[in-house]
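Heads up, the thing below is written out as structure tokens.
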Amino acid sequence: MKTPLLVALIIVALVGSLAGFYLYDRFNGGSTSSCSDPASISSHVYHPYRLQTVKSCITASGTVDRVIYEADGDVHLRTNLDPAYSNLTNSGNEGYPNNGDLVVEIICVNTPSQTDAIPACQNYTNQIPVPSAGQHITITGPYVLDTDHYDWAEIHPVYSLVIG
């Protein structure tokens, strides 16, 4: 008779723990586990002064709505976040051009055609895969506000990206 009660208590404790981790993650702006800046990617951000860091590293997931290749060599992914991460967008992400999506930037994907961006990508070879529109992704990197673009929220630069 004691065994079923013990099993029930263990199940309740496990469910409670998982719910607690989910809620902590949900209300603290994404997961912060396993964050690191591989290959010092952040040192290759073009005009870093415009990025106001909110969290030094988070992980979030969503579906890519649009892939945009920029003249500074970066690729912008307009990402429709999964419900658990919907709190990561702000009023700057609403309307054109983001339509409510989080901006996710993979830096130095291509050689910049924008002259003043060329130095930022020197001595860096991008290793982050570029997904296609419609693909589900999980991204890790700094969570920032872009002060040159309506203070919209971004993950910039992407430290890691998993497709699927």
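The values are calculated or read from the model by the stated rules, or taken from the named source; none is laboratory data. Small disclaimer: the values here were computed from a predicted structure and weren't measured. With ideal geometry, Cβ positions are generated from the backbone for all residues, glycine too; neighbour counts draw on all protein chains shown.
When residue 56 is tested against (1) in contact with a Pro (Cβ under 8 Å, 6 or more places away or on another chain); (2) surrounded by 15 or more Cβ atoms within 10 Å (Cβ to Cβ), only condition (2) is not met.
If you check 126, 110, which single one turns out to be surrounded by 14 or more Cβ atoms within 10 Å (Cβ to Cβ), polar (S, T, N, Q) and without any contact (Cβ under 8 Å) to a residue 40 or more places away in the chain? Reasoning before the result, please.
Working: 110 fails: without any contact (Cβ under 8 Å) to a residue 40 or more places away in the chain.
Of the residues listed, the single one that is surrounded by 14 or more Cβ atoms within 10 Å (Cβ to Cβ), polar (S, T, N, Q) and without any contact (Cβ under 8 Å) to a residue 40 or more places away in the chain is 126.
Of the residues making up the stretch 110-143, those that are within 21 Å of residue 35 (Cα to Cα) and touching a helix residue (DSSP H, G or I) at 6+ places or on another chain (Cβ under 9 Å) number 8. Screening residue 116 against (1) farther than 22 Å from residue 138 by Cα; (2) assigned to a loop (DSSP other than H, G, I, E, B) leaves a single unmet condition, (2). The selection criterion, being assigned to a helix (DSSP H, G or I) and either modelled with pLDDT of 95 or more or loosely packed, with under 15 Cβ neighbours inside 10 Å (or both), does not hold for residue 148.
For the stretch 87-107, a residue qualifies if it is of a type in the set (Asp, Glu), surrounded by 17 or more Cβ atoms within 10 Å (Cβ to Cβ) and in a loop (DSSP other than H, G, I, E, B), and exactly one does: 101. In the stretch 44-90, the residue that is nearest to residue 102 (Cα to Cα) out of those that are polar (S, T, N, Q) and free of Cβ contacts under 8 Å to residues at least 24 places away in the same chain is 80.
Table: residues versus (1) more than 20 Å from residue 47 (Cβ to Cβ); (2) among the hydrophobic types (A, V, I, L, M, F, W, C); (3) under 17 Å from the mean Cα position of the chain (by Cα).
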position	(1), (2), (3)
89	yes, no, yes
110	no, no, no
119	no, no, no
125	yes, no, no
129	yes, no, yes
148	no, no, no
156	no, no, yes
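Does the stretch 28-51 contain at least one residue that is crowded, with 17+ Cβ neighbours inside 10 Å, of a type in the set (D, E, K, R) and either modelled with pLDDT under 95 or within 18 Å of the chain's Cα centre (by Cα) (or both)? No. Within the stretch 107-143, the set of residues being closer than 15 Å to residue 77 by Cα and β-branched (Val, Ile, Thr) comprises 107, 109, 128, 130, 137, 138, 139, 140.
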